[in-house]
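Where a number appears in this text, it was derived from the coordinates with a stated rule and is not lab data. Everything numeric here is computed off the predicted structure, so don't read it as measured data. Cβ atoms come from the backbone with ideal geometry, glycine included; neighbour counts cover every protein chain shown.
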Amino acid sequence: MRRRTLLALPALAVVAGCDPDGAEAAGELRIATGSPGAVYYRYGSAIAELCKKYLPNVHASVLTTAASEINVRNVLDDVADVAFTQADVTDSHEKAQPRQLAALARLYDDHIHVVVAAQGPIAQLHDLQGRRVSIGGVGSGTAITARRVLSVSGIEVHEAQYGLDDSVRGLRNGDVEAFFFSGGLPVSAIADLAREFPIRLLNLADPVKALRSQWGDYYAERVVPASTYTGITATVAIGIANYLVVRMTMSEPLAYGVTRLLFEGRDELAKAHQAAARLNIRSAISTPPLALHPGAIRYYRAQKA
């Protein structure tokens, strides 16, 4: 596949909404995202703005949600038309309702963070034993992955289920001693916290092998560089791919138009969050266990040299 020149604005404005047969992208596009302090919301909001500029017959809107798990349910229940989700969250849904969901692209990798106070007593994952920990909001992919991490590590905690903003507040005021969050780097709410409240990220190298063995090859070691947040050292996190998913019944012109917008609008999307710049046409087509939507396939095939 060859890499096309990104975002030739006049051309994109005229033809981004048309598939190779000239059919026009049209209809409603409700985008299920996540917390305003995290990547999904900023990325999704930027997609909605590009739709308004370059897909004139698409009516795009953004839904604020608890993120991955509820996003997938929203798409399946026709509450949303497109959604951001972690790859591991799609597995159980695909087994329960095969071929109902489809992917437009693999976007970028999340990093599972476990955030604690830098001066506190928690220095490693097993120090969470018996402590009050926010595992992520109800309906989030974070909560699913956090429970898996704790389970394979043999750790029991007193769970709180807070979204990102409440987790940050909870750590600062002592309501929780740690919180999990899955997000692309950097997570703005965590970056804001680190500038005012010294934090430490816990090393998560140990659970990765057990996670892969029990739940599948969705998990990998990833490093959060020291430059990501004020005061931290480079730390091993758990990486999980993120997908943009739709119902398999979405029209091909709409799926094609949104997929093309992701790539040819990548520079503009990256202004909203740098995670958008990590979109790569070679890795984007790898979306197990989900099949690519036929409209997305048409876009990728059109990029072949």
*asked:* Based on alpha-carbon centroids, what's the gap between the range 149-192 and the range 52-91 in Å, whole number please?
replied: 24 Å
*Roughly what % of DSSP beta bridges within the chain run antiparallel, to the nearest 5?*
70 percent
*On alpha-carbon atoms, Rg over Rh for the chain using Kirkwood Rh?*
0.98
_Exposure rule at most 13 other beta-carbon atoms within 10 Å, DSSP loop trypsin sites (Lys or Arg not before Pro): the chain longest free segment_ = 100-281
*What is the projected area of the convex hull of the Cα atoms of the range 110-240, averaged over all directions, in nm²?*
6.7 nm²
*Among the lysines, which have Cα under 19 Å from the Cα of Lys53 when same-chain residues fewer than 8 positions away are ignored?*
Lys271
*asked:* Name the residue from Val152, Ser167, Gln129 whose Cα lies farthest towards the positive end of the charge dipole of the range 97-181, charges +1 on Cβ of Lys and Arg and -1 on Cβ of Asp and Glu.
replied: Val152
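Please work out the Kirkwood hydrodynamic radius for the range 97-147, using every pair of different C-alpha atoms, and report it in angstroms with one decimal place. If you can, show how the numbers build up before the last one.
On the way: mean 1/r = 0.0711 Å⁻¹.
After inverting the pairwise mean of 1/r, the radius is 14.1 Å.
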*Give me the lysines in straight-line cross-link reach of Lys95: C-alpha distance below 26 Å, same-chain residues under 8 apart excluded.*
Lys209
*Quick one: dipole size for the chain, taken about the Cα centre, charges +1 on Lys/Arg Cβ and -1 on Asp/Glu Cβ, in debye to the nearest 20.*
780 debye
*Which far-off residues, 5 or more places away or on another chain, put their amide H under 5 Å from the one on Thr65, with H placed in the peptide plane?*
Thr33, Gly34, Ser35
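Express the relative contact order of the chain as a whole percentage, based on alpha carbon pairs under 8 Å and six or more residues apart in sequence. Walk me through the numbers on the way to the answer.
Details: 675 pairs, mean separation 86.4, N = 305.
The normalised contact order for the chain reaches 28 percent.
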